[in-house]
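Here's the structure we're looking at; comments come further down.
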Amino acid sequence: MLCFWVQQTFLKIHEPACRQAGFFMNYFILVLIFCFSIFLYVIYFLSHDDFVILRNDVSMEKIFNAAFLFSAAALLFSRLFYAILNPADVYFSILGFFLFPYFPGLSLAGGLLGGFIFLITYSKFKNLPVGRLFDFFSIGFLISSPFGFLGYILLSTQQLSYNILISLILNLLLVFVFAKYVLSLTLSGKLKDGSLGILFLISFSGIFFLISILLNMGYILSAENLILLGIAIFLSIPLLRQEGYEWYQNYLRRR
């Protein structure tokens, strides 16, 4: 999903050229499969001996089932949001809607919203630890996302853009902060389950909102940008509810 968003937002490659060269389909298959493999490995690495997962007697089979369904839901909602926000006849035919490698168009905001809403709903329905899975899936998505940028840089015949390089650096910085600091706070119990996932959605949406408006100053009030901004602002409320009191108490103790 992020791979397609990078392609559409930064380099604006035309569909006929992509289909004629066969570039888009090859890029999609290679990079998407690799990113998905990284995503699954991170989830397995974090989940297979986690005490919360073990305490709730959740098997890896159930977690992988959730991962595959989450990915399918994210792609579906990403395509659906794009078709609604950018109406065209091709997107409202069955083949045109599902053959997005040949008819590119995915919404990053739609994928984030749809994927994680589905994950939370599915986890509650299946009596899975919602907050823990939300955190681990967020880390998996975050760590796999830079490979979308790297894959595009390696496979694309286009000249490397300064904008995409800056975006890759910001994405790697986000991975470093979350993997080294935020994840350790979560695993040690200093952050409640679900807080990492909320922080991820806030920071990820905020960063890509800023990137989008910097690259497309004429589209600051586009629906995609407004959704990304809305995610970052709206999710600040449950984060403050969940962690705000603890942060305030720690601040008072330090004083």
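Bear in mind that the values in this text are calculations on the coordinates, not laboratory data. This is a predicted model, so every value here is computed, not measured. Methodologically, a virtual Cβ is constructed for each residue, glycine included, from the backbone with ideal geometry; neighbour enumeration extends over all protein chains shown.
Quick look at the numbers
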| item | result |
| --- | --- |
| Cα→Cβ-extended label distance, 7 Å offset, between T121 and S188, nm | 3.7 |
| Förster radius 35 Å - calculated FRET efficiency between A223 and A179, Cβ distance, rounded to 0.05 | 0.65 |
| Segment M60-F234, length gained on full extension (0.36 nm per residue, minus Cα span) | 59.4 nm |
| Dipole of the range 69-194, positive direction: furthest Cα of F98, F134, L174, with charges on the beta-carbon | F134 |
| Straight-distance crosslink candidates among lysines, where the alpha carbon sits under 16 Å from K180 and sequence neighbours closer than 8 are dropped | K190 |
| Positive minus negative residues near F97 (Lys, Arg vs Asp, Glu; Cβ under 13 Å) | 0 |
| Distribution of pairwise C-alpha distances over the range 118-158, 5 Å bins, in % | 5, 21, 18, 14, 11, 10, 9, 7, 4, 1 |
| Radius 10 Å from Cβ of V52, net charge of other residues (Lys, Arg +1; Asp, Glu -1) | -1 |
